[in-house]
Structure formats: C-alpha cells, structure tokens
Amino acid sequence: MTKSAEAKKAQTADMSEADRDSVKQLQTAFETIKNQLSKVIVGQEKVVEELLISIFARGHCLLIGVPGLAKTLMISSLAECLSLNFSRIQFTPDLMPSDITGTEVIQEDKATGQRKFQFLKGPVFANVILADEINRTPPKTQAALLEAMQEHQVTAGGKKHTLEPPFFVLATQNPIEQEGTYNLPEAQLDRFMFNILVDYPTESEEFEIMRRTTTVQEAKLEHILSGEEILSLQKIVRKVPIADHVIKYATSLARATRLNQPEAPDFVKDCLSWGAGPRASQYLILGGKARAILQGRYFVSTDDIKSVAHPVLRHRIITNFNAEAEGIKPDDIIDKLLDHVPARSVEEQND
C-alpha cells in the first residue's frame, strides 16, 4: 500500500459510522437538489455545485453575471428546495440601512396606555437573503450587511438581535453597467466565501430555455432538506479529516499571492497590488471538504482545493495597472498560480 493510500485509509477511519451515513445523506441530497433545480434552471451545473458547496460550508456567495442569466431564479429556487425562509432585497441608491436590518418604532399598549419601543425585524431576518444588485446602493447601506454576514446578528437601539441559523447571503452583481454603482469594499468582499461567475448558456442550453419558458407549464419543486438537517450536515463538513500536505497546499496557494512573501512568483509581483489573506486559506480548506463530501468521499484531495481555488481567490487578489493595461484578469493569475504551486511538490515533501 502506498503512503497516499495509507493516509486516505487513516483519514477515513477517523469518521464514525453515523458520520459516514450523514455523508451518504448529503451526497444523495446534493444529487436530488441538482435534479430539482434542473426543472427550472437549464445548465449552470458548475454554478449550482459552487452554491451548494458554499452553503454546506457555512459561507456566503457573490454571483456576478449579466442580466437575464437566471441568477435570481436560481437562488429563490434553491431556497425552496432547501425549505428555508427566503427574503429578497432589491438594492437601490435610496435604500437605507434600517430598510435591511429593521427599525424600532413606538407602540402603545392598549390595556395600560403605556408606550414603548418595539423592534420590527427587517428582511435580513430570514435564512436565505438575496441581495440583488448589491453594488447599486451606497457603502453605508452595504455595510449594514457586514455584521449580519460575519456575526449572524443585528444591533439596533443598543440591543443585539440574533439571526436564526442557517443564514446565507447570496448577492448578485452586474459586471457591465457601472453607472450609479458603488464597488464593494475589500473588507466586505472578503466576507463572501465564493465569487461565482455566471456565464452565457451554450446554444443547446439556450434552445432548451426558449422551449421551456415560452409555454404555460410551470415546474413544481420539492422540499429536500430542512433547516435542522442543513445545520447537521454543516457540522459533518467540518468533521471531514484532511491531511497536512493538503492544508500546506491550500496555504501555499494563498501565500503565493502576497507580494511581500519570498514564495511569491515574479508574475504576482508584476500583476498584483494586493494578495489574499488568511481567510482565503480557510475557505479553500472548507470548500475542499464540502466538495469531497458532495462527491461521496471521506477525505480531501488537492484536486478539491484546485476546484475551489478560482471562486475563493478571484475577489481576494487585486490587480494593478500593469495587469489591467495588458488585459490580465484575476482568473489568469490564478491559472498561473495553480501551475506554479503544483500539488505533487507539496505531497512529495511529506512522503
């Protein structure tokens, strides 16, 4: 038996029989959810997979794509399949923070005649939040989501109001029309686990979209998982064992983006003005764990890390003027990083 096979066997042995049953349940639920979403969404299998990886890893997602690619429909349909409370917030320039979080109002007790403040919850008090066109609202309102996304709570009138788990923010953004928009600050971008690119459908997919959406037929979605089941499965993702060499590989990818580190290659120093922080390494590992389970495996491989590298890193590395002038995108740099930090070199160091 090779060392890698022995390592996989040791990792798998760390999981109890109940945990293995939960892994099988999660894999079955993943396939069922994909089948349900295919009733209303044509194609976009990679986008759906990344959305579910993020949800089961307790992360938030930012979906970027031009209008008309069913981003909103995809998120609302996913919330329906997961049997979760869904709330849509349409971000506009005149949206106020209290319109998202809620506000305190004076109410009178008819029995005693006394007046007191009562907190009226805003749309953020749901399980799945669709922040539609999040870059259309000023930074003050964008920041209203920061506490909710990171701390899962809202503070109003000096009191903290806890958000009921599970809680996910799935935001959309239009990359083309930039008039009257406000770029998300890097601190808030870093709160999103994945930055998912939603691309145009293929010719055959677009034909199927036209065929389905121009008739009177309406697809009915089934409820697959409850909130309690999702919370239980999220704990299983955290329990997935991971070998040290895979952790080192994820760490090496993130550290190679930082200009002041000796391991940063020359093309990073030439093309980036800022690299990814430690949260990138965390999400690479959590994303790898969730992907491994969704595929029915009890261990994380370096291929899992590679698969989630683009959505994790593309919004955490900032290109400089040189890269923009040459038309180099963050995804191009990530491709070079995956070639520069080969998984086998890290694994060989641990043999």
Filtered residue count, segment 147-188, keeping only those that are without any contact (Cβ under 8 Å) to a residue 24 or more places away in the chain and under 20 Å from K235 (Cβ atoms): 3
Residue among Q150, Q118 that is assigned to a strand (DSSP E or B), surrounded by fewer than 20 Cβ atoms within 10 Å (Cβ to Cβ) and either in the same structural domain as P185 (by TED's automatic domain parsing) or touching a Ser or Thr at 6+ places or on another chain (Cβ under 6 Å) (or both): Q118
Complete set of residues in segment 208-253 that are more than 30 Å from K336 (Cα to Cα), in contact with a helix residue (DSSP H, G or I) (Cβ under 9 Å, 6 or more places away or on another chain) and not in a loop (DSSP other than H, G, I, E, B): E229, I230, S232, L233, Q234, K235, I236, K239
Residues within segment 244-268 that are under 11 Å from I333 (Cβ atoms) and either exposed (fewer than 14 other Cβ atoms within 10 Å of the Cβ) or in contact with an Asp or Glu (Cβ under 8 Å, 6 or more places away or on another chain) (or both), tallied: 1
Selected residue [in contact (Cβ under 8 Å) with a residue 40 or more places away in the chain and either farther than 16 Å from P123 by Cα or not assigned by TED's automatic domain parsing to the domain that holds K140 (or both)] from E208, E218, E203: E208
Residues being of a type outside the set (A, V, I, L, M, F, W, C) and at pLDDT 85 or above - total across segment 206-225: 3
Members of segment 271-317 that are among the charged types (D, E, K, R), at pLDDT 90 or above and surrounded by fewer than 23 Cβ atoms within 10 Å (Cβ to Cβ): R279, D303, K306, R314, R316
Residues that are of a type in the set (S, T, N, Q), part of a loop (DSSP other than H, G, I, E, B) and without any contact (Cβ under 8 Å) to a residue 24 or more places away in the chain, drawn from segment 260-307: N260, Q261
Scan of segment 95-134 for residues that are among the small types (G, A, S), out of contact with any helix residue (DSSP H, G or I) (no Cβ under 9 Å at 6 or more places or on another chain) and modelled with pLDDT of 80 or more, ordered by number: G102
Residue under evaluation L338, criteria (1) buried (at least 21 other Cβ atoms within 10 Å of the Cβ); (2) within 24 Å of the chain's Cα centre (by Cα); (3) of a type in the set (A, V, I, L, M, F, W, C), criterion not met: (1)
Qualifying position, being closer than 24 Å to A309 by Cβ, at pLDDT 85 or above and either part of a loop (DSSP other than H, G, I, E, B) or not charged (D, E, K, R) (or both), among N195, N183: N195
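The values are calculated or read from the model by the stated rules, or taken from the named source; none is laboratory data. In this text the structure is predicted, and so the values were computed from the model without any measurement. Here Cβ is always computed from backbone atoms with ideal geometry, including for glycine, and neighbour counts include all displayed protein chains.
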